[in-house]
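Single-structure report; data block below.
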Amino acid sequence: MAQKIKKGDNVQILVGKDKGKRGEVSLVLPKKGKVKVQGLNLVKRHVKPSQTSAGGIEAREAALDVSNVALLDPKDDKPTRVGFALKDGQKLRVSKRSGAVVE
């Protein structure tokens, strides 16, 4: 099955502490149905010192469920749902809001 949200897409968070904020998808975990958005949904983690890091408390991006983010429409920059359409034998992602093809 094709993915509705892909790496590099601009999305808006729909729920949680970062509701309404927008960012770019940096990682997609399709088997878990989760995505990571660059600079959002930060959580604190205690890290042991190692050769590469000094240790301490780090802020990291936590994964969000795919259902809790919405793709931004390429035409009017508002959240939209995603559908699929066949064009010249290719399956394309299409915005449900405006019908525009999502690149």
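The values are calculated or read from the model by the stated rules, or taken from the named source; none is laboratory data. Worth saying up front: this structure is predicted, and the values here are computed from it rather than measured. All Cβ positions, even for glycine, are placed from backbone atoms using ideal geometry, and neighbour counts span all protein chains on display. We work out accessible area using only protein heavy atoms, side chains counted, and drop any ligands, DNA or RNA first. Shrake-Rupley method; radii C 1.70, N 1.55, O 1.52, S 1.80 Å.
Residues that are open to solvent by 70 Å² or more (accessible area, probe 1.4 Å) and polar (S, T, N, Q) within the range 1-32 comprise just one, N10. Restricting D77, D88 to residues that are acidic (D, E), loosely packed, with under 13 Cβ neighbours inside 10 Å and farther than 22 Å from G39 by Cβ narrows the list to D88. Do the conditions hold for V15, that is, is it in contact (Cβ under 8 Å) with a residue 40 or more places away in the chain and either in a strand (DSSP E or B) or not polar (S, T, N, Q) (or both)? It is true that V15 is in contact (Cβ under 8 Å) with a residue 40 or more places away in the chain and either in a strand (DSSP E or B) or not polar (S, T, N, Q) (or both). One residue alone among V82, V66, V47, V28 is β-branched (V, I, T) and free of Cβ contacts under 8 Å to residues at least 24 places away in the same chain, and that residue is V47. Residues in the range 1-12 that are out of contact with any helix residue (DSSP H, G or I) (no Cβ under 6 Å at 6 or more places or on another chain) and either without any contact (Cβ under 8 Å) to a residue 60 or more places away in the chain or part of a loop (DSSP other than H, G, I, E, B) (or both): M1, A2, Q3, K4, K6, K7, G8, D9.
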